[in-house]
1. May I ask you to sort 192, 140 by Cβ crowding, counting other Cβ atoms within 10 Å and putting the fewest first?
2. Using alpha carbons only, how many angstrom separate the centre of segment 181-247 from the centre of segment 9-53?
3. If I model a spin label as a point 7 Å beyond the Cα along the Cα-Cβ vector, how far apart are those points for residue 215 and residue 192 in nm?
4. Please give the helix 216-227 orientation as an angle from the longest Cα principal axis of the chain, in degrees from 0 to 90, rounded to the nearest 10.
5. Quick check: residue separation of residue 71 and residue 233 times 0.36 nm, minus the Cα distance between them. What number comes out in nm?
6. Kindly express, to the nearest 10 degrees and within the range 0 to 90, the angle between helix 63-77's C-alpha long axis and the longest C-alpha principal axis of the chain.
7. Can you tell me, using C-alpha contacts under 8 Å and at least 6 residues apart, the relative contact order of segment 7-241 as a whole percent?
8. Give me 119, 139 sorted ascending by neighbouring Cβ count inside 10 Å, so fewest comes first.
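Here, each number is a calculation from the coordinates, and none is a lab measurement. Values in this document were obtained by computation on a predicted structure and should not be read as measured data. Neighbour counts run over all protein chains shown; Cβ positions are idealised from the backbone, glycine included.
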């Protein structure tokens, strides 16, 4: 098993990509802290995984929650090797002038502040473990932005830049930092990205050379590789999982 003996934190693991990543990591031998602000879904995922999983409620926009979750995971597992910064939110697809200040602040708090603070919090336990891997979930929105998601797009550009910065800074600590840039993925958040107009799903799929949306398992498979020792010489990479859309 590719993650045997490893301990991982997955944020936003109560649904979608985070849920798929948590299950995949557990199947590959890792012990997994399933983090989500949604207690019902977080407990559901941890319960489905079984004894390898631990549910921890965490709002990634709150430093106190982050610090408590990292401490609890390390105490439960005895080590911490992997962080998947997956939790994210968006605003509804709409024009720049229609995005409110509160929406802007919430998207940046979860998508950027949360990634920054979680990365900051895991350095010490990863150092104690002899190194580790951080995988941030970015987006093709940070590489090929389109109208209607200006604040969200900006957060993902920030995540990509932060990933590269931390990759260089944390390399002496033997902590690798990479990001995944998924194309629109079939998760509960998808309608937010596409907006309310009819036919948007089909219109978007037509722009993807491989002819479909990403599935959560597509993202989980790449996260598994990046978190494993097979990717031992990769850091600072932004891996596009997009069916060719950014070509």
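1. 192, 140
2. Rounded to whole Å, the Cα centres lie 20 Å apart.
3. 2.4
4. Helix 216-227 sits at roughly 40 degrees to that axis.
5. Here the answer is 55.5 nm.
6. Tilt relative to the chain: about 50 degrees.
7. Here the relative contact order equals 21 percent.
8. With the sparsest Cβ surroundings first, the list reads 119, 139.
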